[in-house]
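First comes the structure, then the notes that go with it.
Just so it is clear, none of the values below were taken in a lab; they were calculated from the coordinates. Keep in mind that this is a model prediction, so the values were computed, not measured. Methodologically, a virtual Cβ is constructed for each residue, glycine included, from the backbone with ideal geometry; neighbour enumeration extends over all protein chains shown.
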Amino acid sequence: MDLLNMIKNAGVIGAGGAGFPTHAKLTSKAEYILLNGAECEPLLRVDQQLMAMFADEIIKGLEAAGRYIEAGKAIMGIKGKHKEVIAHMRERISALGLADFMEVKELRDMYPAGDEQVLVHELTQRIVPEASIPLKVGCVVINAETALNIFNAMAGKPVTETYITVAGDIPRRMTLKVPVGVPIRDVIKQSGVENLDDYAVIDGGPMMGPLKTGVDGHVTKKSKGYVVLKKDHFLIRKKSVNLNQARVINRTACEQCRMCTDLCPRYLLGHSIQPHKMMRALSYNIQDIHELQIAQLCCECNACELFSCPANLHPKSANIYFKKKLDEQGIRYQPAQKEYQTRSAREYRLIPSKRLIARIGLSSFDQPAPMTQVEFRPETIEISLRQHIGAPAIPVVNVGEHVQKEQLIGKIPENSLGAAVHASLAGTVAEIKENSIVIRVGSYV
Ligand code: SF4
Ligand code: SF4
């Protein structure tokens, strides 16, 4: 079986972001394969620990993907502050005889170093064109955990577990290996917070992760972290503002200082995005939607909202507001530029992670979250059929059927983009819902 089919059968998806099926990402040839080991979301500690623990596996997964797409070079991007991880990776790359093909480059400790387009530029000096993808400049980017999952797929092991950091204003910060489908509540319990009434949870990193409405729901292959904070914390208050509220606040208070634009990571790469213009359009009720198409260039990194704006406004929300309007009208941004150059001030306007962490009130929680072994044995698990970009998986099991751990339970629909899903624990299929399969956990191993 070729690598693509192994990856497809194992249900590998991008573990670091939107969950794009990895086999689909590897169908085109590219000059570079890049490993995104930046982990730029504050407090999350998954990738840096996986790279330390599974260096050989990640190297081999990256190598296999790189050879498959006929890349001439594989580059790992790891923040320079992770000195031991970098030294270990370099030593293992050499020991495995891959020094001609693979190298580690040190990334600066800034936000968002892990944004795909920022990463491409930092590692190759190329600029991904507006509204495009890294492949356009000869790059394919995969995350560290995805490379590990590719290695596992080559050994016939499907993706049934994910690594999650539990962090924030909690007694026990840790990183855990969690079976997909486990109730999120069981994971958050590990934090040591007895009563969650006064707390709120961010699903993912504190910058880009959305606020959860409760602790319901189940772990997916994409789950990376839960940040637990008191309800009156700055981040929770800020993330509690809905789009309509943000629109009203934005209309009244923007002083048009341009800081949101001048520090925007995509603007600094030379793209046309200018969030202060979206704020102006809101204030003056500008209706010409075609003028506002640059809103579609926003990657929603939240830097403008949580760091740049001195008035604590919501420029990202202004972008989202216009993005939605454009979508409703079926309008897509058409890039006018052919050549791109970074803004001349970029080097002075990068956002240092430490300052960002202080700005969003997380300095005292910026602590290690060591890998900790916990055995999860919930009564039931619920495995989503929609953990990825593309069509939902189609169930291939029936209610009452016993399933083994790692057994296929959902397949990719014919001729569709999608990802297979597997049972993460053995048990009996208790229910098949529209978008998930519930398994009563048992001992049918
Ligand atoms: S949204 Fe904030 S940063 Fe942007 S122009 Fe207005 S006041 Fe300045
Ligand atoms: S969220 Fe703000 S800073 Fe980030 S890309 Fe969008 S406009 Fe730029």
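Among the residues of the range 250-260, the one identified as free of Cβ contacts under 8 Å to residues at least 40 places away in the same chain and either β-branched (Val, Ile, Thr) or within 11 Å of residue 305 (Cβ to Cβ) (or both) is 252. Of all residues in the range 365-379, which are out of contact with any Pro (no Cβ under 8 Å at 6 or more places or on another chain) and in contact (Cβ under 8 Å) with a residue 40 or more places away in the chain? Residues satisfying the conditions are 365, 367, 368, 369, 370, 371, 372, 373, 374, 377, 379.
Per the conditions (1) surrounded by fewer than 21 Cβ atoms within 10 Å (Cβ to Cβ); (2) touching a residue at least 24 places away in the same chain (Cβ under 8 Å); (3) closer than 30 Å to residue 358 by Cβ, the sole criterion not satisfied by residue 39 is (1). For residue 298, the stated conditions do not hold, so it cannot be described as touching a residue at least 40 places away in the same chain (Cβ under 8 Å) and on the phi < 0 side of the Ramachandran plot.
Condition check for residue 326 on (1) in contact with a Leu (Cβ under 8 Å, 6 or more places away or on another chain); (2) not in a helix (DSSP H, G or I): one failure, at (2). Residues in the range 323-334 include none that are among the hydrophobic types (A, V, I, L, M, F, W, C) and within 16 Å of ligand 1 (Cβ to nearest atom). Select from the range 233-274 the residues that are among the β-branched types (Val, Ile, Thr) and within 10 Å of ligand 2 (Cβ to nearest atom) and write down the one among them that is surrounded by the fewest Cβ atoms within 10 Å (Cβ to Cβ). The qualifying residue surrounded by the fewest Cβ atoms within 10 Å (Cβ to Cβ) is 261.
Being crowded, with 22+ Cβ neighbours inside 10 Å and either of a type in the set (Asp, Glu) or free of Cβ contacts under 8 Å to residues at least 40 places away in the same chain (or both) is true of residue 201.
Pairs linking a residue in the range 303-329 that is farther than 13 Å from residue 356 by Cβ to a residue that is of a type in the set (Gly, Ala, Ser) and more than 10 Å from ligand 1 (Cβ to nearest atom), with Cβ atoms under 6 Å and 6 or more positions apart or on different chains, are 314/246; 317/246; 319/295; 322/295; 323/295.
Considered as a group, the residues in the range 235-255 that are out of contact with any Leu (no Cβ under 9 Å at 6 or more places or on another chain), assigned to a helix (DSSP H, G or I) and away from ligand 1 (no atom under 16 Å from the Cβ) include one that is nearest to residue 202 (Cα to Cα), and that residue is 237. With respect to being within 14 Å of ligand 2 (Cβ to nearest atom), touching a Cys at 6+ places or on another chain (Cβ under 9 Å) and not basic (Lys, Arg), residue 281 falls outside the description. The set of residues in the range 256-300 that are within 10 Å of ligand 1 (Cβ to nearest atom) and not in a helix (DSSP H, G or I) comprises 256, 257, 258, 263, 264, 274.
Might you let me know whether the range 291-307 holds any residue that is surrounded by fewer than 17 Cβ atoms within 10 Å (Cβ to Cβ), over 24 Å from the mean Cα position of the chain (by Cα) and more than 10 Å from ligand 2 (Cβ to nearest atom)? Yes, because at least one residue in the range 291-307 is surrounded by fewer than 17 Cβ atoms within 10 Å (Cβ to Cβ), over 24 Å from the mean Cα position of the chain (by Cα) and more than 10 Å from ligand 2 (Cβ to nearest atom).
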